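Contents: one structure, followed by commentary.
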Amino acid sequence: MKLLAVILACIAAALVALLGVFVAFTWAPDRPVSELVERWAQPPSIFVDVGGMRVHMRDEGPREDARPIVLLHGTSASLHTWEGWSRALTSRRRVIRLDLPGFGLTGPAPDNAYTIESYVRFMKAVLDKLGVQRCVLGGNSFGGYVAWATALADPGRIEKLILVERRWLPSAIRVGADRLSPGAATRGKRALQVHSASPHRRIERAQCLR
């Protein structure tokens, strides 16, 4: 029994030591927001006041585009998720991408509310602030959830819906497609020809967004 206890103690000590080494090599202190802004909010980044937050966004492309493309990132991500898409589309389409509340440089929501309803209200406020009456709304993962819920809540505003890696969406949200206006709920090939691809992939053809 004593030998077994010694062996177990040695194993436990080894695991603690390995954990310590892992933490030592991976831990990094928090960086000040000013430093992050300097690195990640270079032009064309802007900050727009919405709902008590300074929302980090990029609004690029021709302003005469009456149906801009609005792109929402997923969990633990930021507007930079869509860098490749933006480069491919902004020569002919207005592309708006932003950091959602609780992510990136937008920071926390002042009321600490992160329900899907609060994100829908936020999206409506952003579109109102930018004067966007109708748009193509796209989202990756959690951003797809927000895009879908926004389309359900305000279907007349969403011309097309793009969902990338939409497996995050709960089935309860998917069944609401009949509430969308004609053309808003686009699925399969109509939704986006590369809808199942990584959002980091550059779009070479985007006929569905023209």
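Every number here is computed from the coordinates shown, using simple stated rules; none is lab data. Owing to the predicted nature of the structure, the values given are computational and were not obtained by experimental measurement. Counting neighbours? That spans all protein chains shown, and the Cβs are built from the backbone with ideal geometry, glycine included.
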Diffing region 39-56: the Karplus 3J(HN,Hα) column from phi (6.51, -1.76, 1.60, θ = phi - 60°), in whole Hz with x for Gly and Pro, holds 8, 9, 10, 5, x, x, 4, 9, 10, 10, 6, 9, x, x, 10, 8, 7, 7
Please work out how much length the chain gains when fully extended from L4 to S91, using 0.36 nm per residue of separation minus the C-alpha to C-alpha distance, in nm with one decimal. 24.4 nm
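Using a Förster distance of 30 Å, how high is the FRET efficiency between F47 and S76, based on the Cβ-Cβ distance and rounded to 0.05? Write down the numbers at each step before the final one.
Values: r = 21 Å, r/R0 = 0.70.
FRET efficiency, F47 to S76: 0.90.
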Roughly what would the spin-label model give for R67 and F22, points 7 Å off Cα along C-beta, in nm? 4.9 nm
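Please rank F142, F22, fewest neighbouring Cβ atoms within 10 Å first, as an exposure proxy. Could the numbers behind the result be given before it?
Numbers: F142 21, F22 10.
If I rank by nearby Cβ atoms, fewest first, I get F22, F142.
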For S45, S34, which order do you get if you count the other beta carbons within 10 Å of each Cβ and list the fewest first? S34, S45
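Taking the number of other C-beta atoms within 10 Å as the exposure measure, put V132, V146 in order starting with the fewest. It would help to have the intermediate numbers written out before the result.
Numbers: V132 18, V146 21.
The fewest-first ordering by Cβ neighbours comes to V132, V146.
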